[in-house]
Amino acid sequence: MLQGFAIGMLGENATMGTLTPPPERTARPAPPSRFDAGRPAPPMGPSGRAILFGLFALAVAAWLLMRPPTKLAASSLPRLAADGTPTGDAPAGQCGGAKGCLIVYVAPWCGPCKASLPGDRALADFVKDRGIETTFVVGMDAMPRCAEMARAIGREVLVDASGAWARKMSIRAVPHFLVTGPDGRVKKRQAGALIASPDVVARQLGL
């Protein structure tokens, strides 16, 4: 009887309970669980995209700064004759070989550099017949010691006493060999003394 009275008071379409909670009591979404790992991530907002773009730009800049140069750095270096006397300056970034150039970078304080000099001279003679011009660069030491090493090499050399040209070319270990094309573009680089017959070393350097 009371139920009929209540229905009568509320109308024919009234029901017990409610279909939706009041606005102030709307249920909060449950925190993500380990079962949500396979669900697609929500779309990233503008600030998230900007952060990702900034990180990408920094990574590209770091790569450009750290990668070895692909061409000989255009610098003018002092030139010494085979007896160690100055003969003016010469460009270090040019290649005069018909088929390319070989740059042999050595330092007076480097034991392996001194040990490999006879082989390096033999290599220079060997590749000359193949149209490859060899340039010896002595650096990373004071001019008197570089001149002394020029006399030990017995050939005309360029001097990079401050090591500035080596830094431009990302030369961090000596002896260092750079092989270029006629346009001065670096095709191969090799760090460390190469103690072998000229034909073997030439093959290893791709000459």
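Read-outs throughout are calculated quantities, based only on the coordinates presented, and are distinct from any laboratory measurement. Keep in mind that this is a model prediction, so the values were computed, not measured. Reconstructed Cβ throughout: ideal geometry from the backbone, glycine too, with neighbour counts over all protein chains shown.
Per-structure values
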{"item": "Extreme residue, surrounded by the fewest Cβ atoms within 10 Å (Cβ to Cβ), among residues of the range 128-146 that are out of contact with any strand residue (DSSP E or B) (no Cβ under 6 Å at 6 or more places or on another chain) and part of a helix (DSSP H, G or I)", "result": "144"}
{"item": "Test: residue in the range 116-129 that is at positive phi and in contact (Cβ under 8 Å) with a residue 24 or more places away in the chain", "result": "no"}
{"item": "Residue list for the range 171-207, filter: charged (D, E, K, R) and free of Cβ contacts under 8 Å to residues at least 40 places away in the same chain", "result": "172, 188, 203"}
{"item": "Condition met for residue 203 (more than 18 Å from the chain's Cα centre (by Cα), in a helix (DSSP H, G or I) and basic (Lys, Arg))", "result": "yes"}
{"item": "Scan of the range 78-106 for residues that are of a type in the set (D, E, K, R) and within 21 Å of residue 117 (Cβ to Cβ), ordered by number", "result": "79, 83"}
{"item": "Test: residue in the range 101-112 that is of a type in the set (Val, Ile, Thr), touching a strand residue (DSSP E or B) at 6+ places or on another chain (Cβ under 6 Å) and more than 16 Å from residue 79 (Cα to Cα)", "result": "no"}
{"item": "Members of the range 190-200 found to be assigned to a strand (DSSP E or B) and out of contact with any helix residue (DSSP H, G or I) (no Cβ under 9 Å at 6 or more places or on another chain), listed by number", "result": "191"}
{"item": "Verdict on residue 166 being of a type outside the set (Val, Ile, Thr), buried (at least 19 other Cβ atoms within 10 Å of the Cβ), outside any loop (DSSP other than H, G, I, E, B) and touching a helix residue (DSSP H, G or I) at 6+ places or on another chain (Cβ under 9 Å)", "result": "no"}
